[in-house]
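Participant: The structure follows.
The values are calculated or read from the model by the stated rules, or taken from the named source; none is laboratory data. All values reported here derive from a predicted model rather than from experimental measurement. No Cβ is skipped: glycine too gets one built from the backbone with ideal geometry, and neighbour counts run over all protein chains shown.
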Amino acid sequence: MPGGKLQSLQSVFEGFETFLYTPESTSQSGVHIHDSLDSKRVMILVVLALMPCFFFGMYNTGYQNLLAGGATEFPFWSIMAYGFLAILPTVVVTYVVGLGIEFVIAQLRHEEIQEGFLVTGILIPLICPIETPLWMIAVATAFSVIFVKEVFGGTGYNIFNVALVTRAFLFFAYPAQMSGDHVFVATSKIFGLGAQAPDGFSGATPLGQIATQTAGELHLTDLAGNAISTWQAFVGLIPGSFGETSTLCVCIGAAILLFTGIANWRIIVSVALGGLLMGWIANLCATPTYPASYLSPVSQLCYGGFAFAAVFMATDPVTAARTGTGKYIYGALVGIMAVLIRVYNNGYPEGAMLAVLLGNALAPLIDYCVVQANVNRRMRRLKAKVE
Amino acid sequence: MAEKISNKSVMLNPFSKNNPVIVQILGICSVLAVTAKLEPAIVMGISVIAVLAFSNVIISLLRNTIPTNIRIIVQLVVVAGLVVIVDQLLKAYTYDVSKQLSVFIGLIITNCILMGRLEAFAMANKPWPSFLDGVGNGIGYAIILIIVGFFRELLGSGTLLGYQVIPQWCYDHGYVNNGLMILPPMALIVVGCIIWVHRSRNKDLQEN
């Protein structure tokens, strides 16, 4: 109601009113045609596509915890309950901090609340290690929402992927806490559920093991000391950040996104091909100096956050390239860089995050070149006709 | 100069309204490079004030005898001479800090603020206003350096001028220094925040 005493809270009210259902009020004059697939529906669909990864992450968290504690039985429901309790605080903190900032800024600017944080808020827990301290998540979320999104004008104007910047901020600001072998596996009991890992326990991710390996043949092990196969990495029962371990679930998510037409297949395919190509080249000239080059191209795609980044990060329509040709170039660049960084820079065990951020930075340039090339081509054609 | 500007405003304007770093966006490079700790930031600030003030005076004294087409070379020679003096003084009296500042004292020569002030002010004004202009711009630069250095050292190392500021109690409860603050990108973001605050307080500086 305009002019009422709660007018100042209008943006909050409208944000909630249109959150899950369409309001009854319609415009009274003129013709307004509106696609039913507005940004809220898009966001909800992406969140739905992320759900397989999320549930698998819950299961994997509980499973790895029991494995670390040396358990031999793995009861499904208690594992799920453990995973739920382990991730819940992170999700709550992310949403409270991120949405809080969005609400405040929308109020200050007298704008409608934009729903961009809906997806970001679920992505951040998925790409962070399970044991990340909550205050770090809060600081990183606040940083990236303010400096990556709101400073540039809010949802749809950001240059970089907000969730990935959160992860990059954590990685560079707190390197000791965000890598190594202590953060990727939950090691303590929660409300009596789960198991307590022994002291001196080491739970490095496969890529972390590769990065710290000094020389010789690859020998990747899971928490119980058994070797990890590529199939296991594909299914995802390996230590890693919460939601990115399972390439299988990422594929389910990709199917949902492609079926509903939200993600662009050009980007996904070219990222995968770029990764395969670079993985193949690296594997051809495999050396003990860079142990990750022993991984086969296919397992390069299955380990770490590569698949997750290809499907959910690189396809972010705001930060990706927009032209058709540009999407191929952008995707290939991301795929090649991800494997390149992973294999040839031992300081960064995983390159997908940095590769997508680099792709984001170059996307406008790629688009510019593609558009200019098209303009030049048509100018030449015009000249040829005139002559 | 067409209009007469009082000596006071020559000196005070660069502090805020015409700050060389956050309004003219000059000298950013050294702001990013030397502000990881507060101490080198302060020393760097003082060095720039000294070099700027004296080179302004010297150029102002010579301004009527410098041929126009070689004026940049003359300016460079004057600045270079002063920078070498400052560099030697720092090496003699504060060796550790001069180690930290390494090449950046030498690079004061290429600092845009210096050439900017020499070209824009000292070449056209008398020695005393030139001196004030040099001191004012130097202080404007030093203020920003010190603010950035303060936040970067506080959040990045938990210390100020080398003394522990954040109590051990916080570290025991899980607080960790922010490693990103030590890296240059964060200096850029801190400068951005200063500009943000500054522009929102001085509405007339906002661009459309």
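Participant: Name the residues in region B:79-102 that are within 30 Å of B:MET123 (Cβ to Cβ) and in contact (Cβ under 8 Å) with a residue 24 or more places away in the chain, would you?
Facilitator: Of region B:79-102, the ones within 30 Å of B:MET123 (Cβ to Cβ) are B:79-90, B:101.
Scanning region B:79-102 gives B:VAL79, B:ALA80, B:LEU82, B:VAL83, B:VAL86, B:LEU90, B:LEU101.
Participant: Then there is this: Could you tell me which of the residues B:GLY149, B:GLY156 is away from chain A (no Cβ under 14 Å) and small (Gly, Ala, Ser)?
Facilitator: Residue meeting the stated conditions: B:GLY149.
Participant: Got a sec? Which helices (runs of 4 or more DSSP H) wholly within region B:1-66 have at least 3 residues that are of a type in the set (Val, Ile, Thr)? Break it down stepwise before answering.
Facilitator: On the way: elements: B:7-12, B:28-34, B:38-62.
Counting at least 3 such residues, we get B:28-34, B:38-62.
Participant: Tell me the residue from B:GLU119, B:GLU153 that is closer than 20 Å to B:VAL48 by Cβ and touching a strand residue (DSSP E or B) at 6+ places or on another chain (Cβ under 9 Å), please.
Facilitator: Exactly one residue qualifies, and that residue is B:GLU153.
Participant: Tell me which residues, restricted to region A:104-132, are charged (D, E, K, R) and either closer than 24 Å to B:VAL190 by Cα or outside the structural domain of A:MET43 (by TED's automatic domain parsing) (or both).
Facilitator: Once the filter is applied, which keeps residues that are charged (D, E, K, R) and either closer than 24 Å to B:VAL190 by Cα or outside the structural domain of A:MET43 (by TED's automatic domain parsing) (or both), region A:104-132 yields only A:ARG109.
Participant: Which one is farthest from the chain's Cα centre (by Cα), of the residues in region B:169-184 that are under 20 Å from B:VAL148 (Cα atoms) and more than 7 Å from chain A (Cβ to nearest Cβ)?
Facilitator: The qualifying residue farthest from the chain's Cα centre (by Cα) is B:ASN177.
Participant: Report every pair of residues separated by at least 6 positions or lying on different chains whose Cβ atoms are under 7 Å apart, first residue within region A:118-133 and farther than 15 Å from A:GLY304 by Cα, second part of a loop (DSSP other than H, G, I, E, B).
Facilitator: Once the first residue is farther than 15 Å from A:GLY304 by Cα and sits in region A:118-133, its partners that are part of a loop (DSSP other than H, G, I, E, B) give A:PRO125/A:PHE242; A:GLU131/A:HIS182; A:GLU131/A:VAL183; A:GLU131/A:ALA186; A:THR132/A:VAL183; A:PRO133/B:GLY174.
Participant: Give me a count of the residues in region A:102-132 that are assigned to a helix (DSSP H, G or I), among the hydrophobic types (A, V, I, L, M, F, W, C) and buried (at least 18 other Cβ atoms within 10 Å of the Cβ).
Facilitator: 10
Participant: Assess whether B:ALA187 counts as being over 25 Å from B:ARG71 (Cα atoms) and within 14 Å of another protein chain (Cβ to nearest Cβ). Before the answer, list the steps.
Facilitator: On the way: over 25 Å from B:ARG71 (Cα atoms): yes; within 14 Å of another protein chain (Cβ to nearest Cβ): yes.
The answer is yes for B:ALA187.
Participant: Do you know which of the residues in region A:160-193 that are within 14 Å of chain B (Cβ to nearest Cβ) and part of a loop (DSSP other than H, G, I, E, B) is modelled with the lowest pLDDT?
Facilitator: A:GLY180
Participant: Which of the residues belonging to region A:54-78 are closer than 18 Å to A:SER241 by Cβ and hydrophobic (A, V, I, L, M, F, W, C)?
Facilitator: Correct list: A:PHE54, A:PHE55, A:PHE56, A:MET58, A:LEU67, A:ALA68.
Participant: Please go through region A:133-148 and pick out each residue that is under 18 Å from B:GLY192 (Cα atoms), at the interface with chain B (Cβ under 10 Å from one of its Cβ atoms) and either touching a Phe, Trp or Tyr at 6+ places or on another chain (Cβ under 6 Å) or assigned to a loop (DSSP other than H, G, I, E, B) (or both).
Facilitator: The answer is A:ALA140, A:PHE143.
Participant: Let me ask something additional. Tell me, please, whether a residue that is within 14 Å of chain B (Cβ to nearest Cβ) and either buried (at least 22 other Cβ atoms within 10 Å of the Cβ) or in contact (Cβ under 8 Å) with a residue 24 or more places away in the chain (or both) can be found in region A:79-86.
Facilitator: no
Participant: Looking only at region A:122-132, filter to residues that are farther than 17 Å from A:ALA168 by Cβ and touching a helix residue (DSSP H, G or I) at 6+ places or on another chain (Cβ under 8 Å); which one of those is farthest from the other protein chains (Cβ to nearest Cβ)?
Facilitator: For region A:122-132, the residue satisfying everything is A:ILE122.
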